Amino acid sequence: MRTAIVAALGILVLIAGAMLGIGNATMNRFAPGIVSQNGAISVPRTDYRKDWSFLGTYSADGGEGIGFHSVYTQPETVGYFRKNGSFPDGAVLVKELFDTEGGDLTTGAVRWASKPVGWFVMVKDTKGRFAGNPLWGDGWGWAYFKAGEPDITATKDYRAECLACHEPVRPTDLSYVQGYPSLKGKGR
């Protein structure tokens, strides 16, 4: 009898542990490796240039953002957006910023990306997971990282540092989708 009780308790502990593990795995599936359980945002460590979908590049000619801004997301985000016209929960947008160099080539005067300047990382959060965290709000997580410091979030408060630039595109979920031809469909 005593053995049966110990065995039953052991099984209950295993079941409870498995359930807790499943709960933690579910939370970690929200932008895994990019968002911590407390809402800290990281630059993806994956080779996003190779493994993710390229959305588009902006050429910024004035203000603080001079240079090229190349944007990437997970491949499944592109399919979801094409079908639904919105970003899914957990979608990650990585905007890689570059200085430019230029010169005269056979095509005329051109500019190309040179040294990295930094990254903007946005993470779609349709559930408001991190209320009270100054990097989260308006349906997104927001973070900027300087080149050479990809593990240190320079952003302290998205409302003060990010929102003003994104306010003009509030109708498109605070994202400049007009510069992302990949979201519009096949190229031909």
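The values are calculated or read from the model by the stated rules, or taken from the named source; none is laboratory data. What you see is a predicted model, and the numbers here were worked out from it, not measured in a lab. Every residue, glycine as well, gets a Cβ built from its backbone with ideal geometry; the counts of neighbours run over all protein chains shown. These area figures cover heavy atoms from the full protein model, side chains too; ligands, DNA and RNA do not enter into them. Shrake-Rupley method; radii C 1.70, N 1.55, O 1.52, S 1.80 Å.
Summary of computed values
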read-out: FRET efficiency, 1/(1 + (r/R0)^6) with R0 41 Å, evaluated for D61 and N133 via beta carbons; value: 0.75
read-out: Heavy-atom SASA rank of W136, W112 (probe 1.4 Å, accessible area, largest first); value: W112, W136
read-out: Relative contact order (percent, whole number), the range 49-188, Cα cutoff 8 Å, 6+ residue spacing; value: 19
read-out: Rg/Rg_globular for the range 58-106, with Rg_globular taken as 2.2 N^0.38 Å and Rg from C-alpha atoms; value: 1.56
read-out: Pairs of Cα atoms farther than 22 Å apart, the range 40-188, %; value: 41
read-out: Two-site label geometry, E149 and S36: point separation in nm, points 7 Å out along Cα→Cβ; value: 1.6
read-out: Centroid-to-centroid separation of the range 95-120 and the range 126-188 [C-alpha atoms, Å]; value: 23
read-out: Computed over the range 40-123, Kirkwood Rh from alpha-carbon pairs, angstrom; value: 14.2
read-out: FRET efficiency, 1/(1 + (r/R0)^6) with R0 25 Å, evaluated for A164 and D99 via beta carbons; value: 0.60
read-out: Dmax and Rg, reported as Rg then Dmax, of the range 129-188 (C-alpha, Å); value: 14.1, 45
read-out: Accessible area (Å², 1.4 Å probe, nearest 10) - D151; value: 110
read-out: Virtual spin-label span in nm between T172 and V110, 7 Å along Cα→Cβ; value: 2.6
read-out: Pairwise Lys count, the range 34-142 - Cα closer than 21 Å, eight or more residues apart or different chains; value: 6
